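Asker: Provided herewith is a single structure, encoded as structure tokens, for subsequent inquiry.
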Amino acid sequence: MFSGGRMYLFRIPEGEEFVSYMHEFLKKEGIETGIVNAIGTLKNPKVGYFLEEDERYKIIELKGTYEIASLLGNVSLKDWKPFLHAHVVLGDSEGNAFGGHLLEGEVLVAEVFVLELKGKRLERNVIEKGLTLWPIEE
Amino acid sequence: MFSGGRMYLFRIPEGEEFVSYMHEFLKKEGIETGIVNAIGTLKNPKVGYFLEEDERYKIIELKGTYEIASLLGNVSLKDWKPFLHAHVVLGDSEGNAFGGHLLEGEVLVAEVFVLELKGKRLERNVIEKGLTLWPIEE
Amino acid sequence: MFSGGRMYLFRIPEGEEFVSYMHEFLKKEGIETGIVNAIGTLKNPKVGYFLEEDERYKIIELKGTYEIASLLGNVSLKDWKPFLHAHVVLGDSEGNAFGGHLLEGEVLVAEVFVLELKGKRLERNVIEKGLTLWPIEE
């Protein structure tokens, strides 16, 4: 169980790579646990689809500019650093939607909400099928 | 109006059915009102599309494994029990997205955030077109 | 940085236009900053796709009834009034998903969560490529 900590609502500058910018932000602010959501527009995003048999992500490279119709993510510790796990839904110029695990994307506009969670350490330290997961709570 | 209560960020074990697991969780924790979001991967999810004329959901059965690109839901009381109403966006192996009302899905991975809301009783006690809805506030 | 303010979870009456209803709600409640999410069903939604070269939104008109598979938004000040910026993912009767910037949509059902953020003034006062954006923080 957690309680609510700091809250942020801000824009990522144009040209930044979304995931690496967020990792810098989380590290700078010292946010180890939390949730993230965002809307905006990304260029040339790459999303992952998990291949259970192969125990790896298939990388889907989308070319061009897409609306971030939704981005939901969480923050926890991985290798002692704050780690963002985010999934996205992206809309193209016809409105068609694509979705998966966000690997990277160049920001045209990104409006991001972060809610810090406080209370206990949440760590990705369980390896299953190539994924680094949280322990299951009893 | 509500104020924020307990917050949770956890993983549902592989093999569980998402909706019934969450109902057990909410009942066990005594969470009657709140919001839920999640990301992860589901197998053989079923989503509903509301048919207004027929006053029922059409069931769309998706076969295989899908990324939970987004899951947004809320918790309120229905028949005196905590009830999760959740919608999902699911991504297939090509990144194509599908969306609707979540009926069920087997968890491969599900990372879930729950925020309890405290303050008043929110109950699904209005039947309109076959849907069980909250009363409209003045 | 913000702290959490009032929280709301409510249903918008059938027949209302989503965006204008929310603007009335935010004004009435005096909510200047916050986040919004929603699920439900919309009729004849219009979504925008940002055309960077043209510095304007292309309008995509969807005919018929769509599940709101996801709606994520934020609230800040624009022209001294609370302004909702929301993106949606919409599901059709086959489960196919469409996404983009929400311009308008008629509510069949909309269950909305609002979290007020308190602490500082967040204002859309930067014009870039025809978009009205928040200043970048240092």
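Asker: Confirm whether residue C:31 is in contact with a Phe, Trp or Tyr (Cβ under 9 Å, 6 or more places away or on another chain) and under 27 Å from residue B:99 (Cβ atoms).
Answerer: no
Asker: For residue A:68, only one of the following conditions fails: (1) in contact with a Leu (Cβ under 6 Å, 6 or more places away or on another chain); (2) farther than 26 Å from residue B:87 by Cβ; (3) within 14 Å of chain C (Cβ to nearest Cβ). What is its number?
Answerer: Condition not satisfied by residue A:68: (2).
Asker: Can I ask one more? Looking at (1) over 23 Å from residue A:55 (Cβ atoms); (2) part of a strand (DSSP E or B); (3) within 10 Å of another protein chain (Cβ to nearest Cβ), find the lone condition where residue B:135 falls short.
Answerer: The number of the failed condition is (2).
Asker: Still on this structure, please answer the following. Looking at the structure I just gave you, is residue C:117 facing another protein chain (nearest Cβ under 8 Å) and in contact with a strand residue (DSSP E or B) (Cβ under 6 Å, 6 or more places away or on another chain)?
Answerer: It is true that residue C:117 is facing another protein chain (nearest Cβ under 8 Å) and in contact with a strand residue (DSSP E or B) (Cβ under 6 Å, 6 or more places away or on another chain).
Asker: Could you please find all residues in the range B:20-38 being within 14 Å of chain C (Cβ to nearest Cβ) and of a type in the set (A, V, I, L, M)?
Answerer: If the condition is that a residue be within 14 Å of chain C (Cβ to nearest Cβ) and of a type in the set (A, V, I, L, M), then B:31, B:35, B:36, B:38 are the ones that fit.
Asker: In the set B:5, B:95, B:40, B:99, which member is small (Gly, Ala, Ser) and under 19 Å from residue C:93 (Cα atoms)?
Answerer: B:99
Asker: Continuing with this model, one more query. Please go through the range A:81-116 and pick out each residue that is farther than 24 Å from residue C:124 by Cα and among the hydrophobic types (A, V, I, L, M, F, W, C).
Answerer: A:83, A:84, A:86, A:88, A:89, A:97, A:98, A:102, A:103
Asker: Does residue B:91 satisfy the criteria of being over 17 Å from residue B:11 (Cα atoms) and either of a type outside the set (Ser, Thr, Tyr) or over 14 Å from the mean Cα position of the chain (by Cα) (or both)?
Answerer: It is true that residue B:91 is over 17 Å from residue B:11 (Cα atoms) and either of a type outside the set (Ser, Thr, Tyr) or over 14 Å from the mean Cα position of the chain (by Cα) (or both).
Asker: Follow-up question, since we're still on this one. Determine if the range C:43-64 includes at least one residue that is closer than 15 Å to residue C:87 by Cα, polar (S, T, N, Q) and out of contact with any Pro (no Cβ under 9 Å at 6 or more places or on another chain).
Answerer: no
Asker: Mind checking which strands (runs of 3 or more DSSP E) fall wholly inside the range B:11-103 and carry at least 1 residues that are surrounded by 18 or more Cβ atoms within 10 Å (Cβ to Cβ), at positive phi and in contact (Cβ under 8 Å) with a residue 60 or more places away in the chain?
Answerer: Answer list for the range B:11-103: B:34-51.
Asker: Taking residue C:102 as the residue in question, decide whether it is more than 10 Å from every other protein chain (Cβ to nearest Cβ) and hydrophobic (A, V, I, L, M, F, W, C).
Answerer: No; evaluated as a whole, the condition is false for this residue.
Asker: Only one residue in B:109, B:126 is on the phi < 0 side of the Ramachandran plot, aliphatic (A, V, I, L, M) and surrounded by 15 or more Cβ atoms within 10 Å (Cβ to Cβ). Which one?
Answerer: B:109
Asker: Further, regarding this structure: Can you name the number of the only condition in (1) among the aromatic types (Phe, Trp, Tyr); (2) touching a helix residue (DSSP H, G or I) at 6+ places or on another chain (Cβ under 8 Å); (3) more than 23 Å from residue C:91 (Cα to Cα) that residue B:83 fails?
Answerer: Evaluating residue B:83 over (1) among the aromatic types (Phe, Trp, Tyr); (2) touching a helix residue (DSSP H, G or I) at 6+ places or on another chain (Cβ under 8 Å); (3) more than 23 Å from residue C:91 (Cα to Cα) leaves (3) as the failure.
FYI, it's all coordinate maths here, none of it is from the lab. None of these values were measured; they are calculated from a predicted model. All Cβ positions, even for glycine, are placed from backbone atoms using ideal geometry, and neighbour counts span all protein chains on display.
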